[in-house]
Structure formats: structure tokens, C-alpha cells
């Protein structure tokens, strides 16, 4: 079985979560299987394309799981992009629309130095609002985004279009 087929088979669909009409792609079976988790991290690291990575930014909350592991593997620092009110220092913030609501994310003002190479990681690309807001925050700090990488992409929601100008990689596409 190929890597993507194994990962695809491990993803669990949860109907009507977090609200009616949504089919949630649950990645916890990948997290629970050490071999699949290791392979997922390997594949996410490959999305850097061999470029030097100074920081890996992970989007709250499942992006922290993958992003921190990728940062460790690449010998890079880790930068959390969190929901509003969760970071203790001075922040930049961005509001965005979700496929089922609205939210605000924040990034510490000193999280990335100008010109640093950043790999932005999250578990899922849906409508692209969260990732576009995160990329915008990194742009505020003059980071060079070398890739925006996801475990899963819901292509039918066309979120990739909001990330124009950035290399986007997804391990699985639905």
C-alpha cells in the first residue's frame, strides 16, 4: 500500500462535527500509529524541497502537533500561531472567515526575523481563510514562506486560491 493510500485509509470521517452538515476529517488515527505519524512528518519535511528552514510555524491547534515535530526533525525553531488571547507577549493579529464561522489568530511580534525562511504547517486546508491569515501575519514580519504544507486538502472548497503566490503542498487531497 502506498504512503498516501495508508494515510488516506487512516483518516476517519466524523459526520456533523463540529456542527450539522460538516464532515470532519479526523487525523487522530494517524497520531495514534507511530509508524504513520513518523511517515507523515517525513512527508511534511519533504515539502520544504531541501530549502534551509529557519522556523516552522504551526497553526492552532493540530498544526502544533505536526509543526513542532517537523521543526524538530529539520533542526528549526517552532512558532505557534494561536487563537486570539492565547499568546502572552505583544502580537500581530488577523481576522478571517472559517467554513463554519469567524475567528482571529495571533503571532508574537518577535516570532520571526525579517528574511527568515518559514515552513507553515497545518493539518487541513479547507476554505483557506486560516492559512491565508497566518501567511499574512508571517508577511507582516517579513518572513519568506518557502511552503504552506497540509496533511489534508479539501480541494472542492478551493482554499488553495487564497494562497496564491505561495507554494502549497498537501499530502492527501479530497
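Scanning region 60-94 for residues being within 21 Å of residue 19 (Cα to Cα) and in a strand (DSSP E or B) gives a total of 1. Whether a residue is farther than 30 Å from residue 142 by Cα and exposed (fewer than 14 other Cβ atoms within 10 Å of the Cβ) was assessed, and residue 9 passes this test. Note on region 84-99: residues that are at pLDDT 95 or above, within 24 Å of residue 127 (Cα to Cα) and surrounded by fewer than 15 Cβ atoms within 10 Å (Cβ to Cβ) amount to 3.
When 156, 150, 64 are checked against the criterion of being touching a helix residue (DSSP H, G or I) at 6+ places or on another chain (Cβ under 9 Å) and within 22 Å of residue 30 (Cβ to Cβ), a single residue qualifies: 150. For beta carbons closer than 9 Å, sequence separation of 6+ or different chains, a first residue in region 148-164 that is at positive phi and a second that is crowded, with 21+ Cβ neighbours inside 10 Å and not in a strand (DSSP E or B), the qualifying pairs are 158/128. If the condition is being modelled with pLDDT under 95 and outside any helix (DSSP H, G or I), then region 145-157 contributes no residue at all. The residues on offer are 102, 142, and the sole one that is surrounded by fewer than 21 Cβ atoms within 10 Å (Cβ to Cβ), over 16 Å from the mean Cα position of the chain (by Cα), at pLDDT below 95 and not in a helix (DSSP H, G or I) is 102. Out of all the residues in region 113-131, is one or more free of Cβ contacts under 8 Å to residues at least 24 places away in the same chain and touching a strand residue (DSSP E or B) at 6+ places or on another chain (Cβ under 8 Å)? Scanning region 113-131 turns up no residue that is free of Cβ contacts under 8 Å to residues at least 24 places away in the same chain and touching a strand residue (DSSP E or B) at 6+ places or on another chain (Cβ under 8 Å). The residues in region 111-138 that are part of a strand (DSSP E or B), farther than 14 Å from residue 56 by Cα and touching a helix residue (DSSP H, G or I) at 6+ places or on another chain (Cβ under 7 Å) can be counted, and the count is 1.
The values are calculated or read from the model by the stated rules, or taken from the named source; none is laboratory data. Quick caveat: nothing in here was measured; it's all calculated off a predicted structure. Heads up, the Cβs are rebuilt from the backbone with ideal geometry, glycines too, and the neighbour counts pull from every protein chain shown.
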